[in-house]
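Q: First the structure, which I've put down as structure tokens, then a few questions once you've had a look.
The values are calculated or read from the model by the stated rules, or taken from the named source; none is laboratory data. Bear in mind that the values here come from a model prediction, so they are computed numbers and not experimental data. In this analysis, Cβ positions are derived from the backbone assuming ideal geometry, glycine residues included, and neighbour counts consider all displayed protein chains.
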Amino acid sequence: MSQNRKVIGLAQANLPCSLGVATNKLVAKIATDVGKAARKTSTYPSAIQIVPPGQEAAFLPPLPAEMLWGVGPKTASRFAELGIHTIGDLAA
């Protein structure tokens, strides 16, 4: 918890930091990436993204399939050929 406060403090001071919080490591990593993307487009919100328990099914589907661990350029290209563009497409 102390580490989280440090990261939040850095974010509020406009210093580089990122934090993804979720019920598992995969969703937390994706949340961190989403937070970083938001950070690039504005000065606030900072790169802190929280996915509350039970909200994973709403958070993940609209995101690009490339955000999943292990999906690199070749897999993303193959997915596109198959009409799979989002995590939701992959889950369907």
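Q: Does the range 70-84 include one or more residues that are part of a helix (DSSP H, G or I), buried (at least 16 other Cβ atoms within 10 Å of the Cβ), under 13 Å from the mean Cα position of the chain (by Cα) and at pLDDT 95 or above?
A: No, the range 70-84 contains no residue that is part of a helix (DSSP H, G or I), buried (at least 16 other Cβ atoms within 10 Å of the Cβ), under 13 Å from the mean Cα position of the chain (by Cα) and at pLDDT 95 or above.
Q: Take the residues in the range 28-37 that are surrounded by 15 or more Cβ atoms within 10 Å (Cβ to Cβ) and of a type in the set (G, A, S); name whichever of them is modelled with the lowest pLDDT.
A: Step by step, filter the range 28-37, then rank; the result is G35.
Q: Filtering the range 8-27 down to residues that are surrounded by fewer than 17 Cβ atoms within 10 Å (Cβ to Cβ) and assigned to a helix (DSSP H, G or I), which residue is modelled with the lowest pLDDT?
A: Of all residues in the range 8-27, those surrounded by fewer than 17 Cβ atoms within 10 Å (Cβ to Cβ) come to 8-9, 12-16, 21, 23-26.
Imposing the further condition that a residue be assigned to a helix (DSSP H, G or I) reduces the set to 8-9, 12, 25-26.
Details: I8: 64, G9: 68, Q12: 68, K25: 96, L26: 96.
Looking at residues that are surrounded by fewer than 17 Cβ atoms within 10 Å (Cβ to Cβ) and assigned to a helix (DSSP H, G or I), I get I8.
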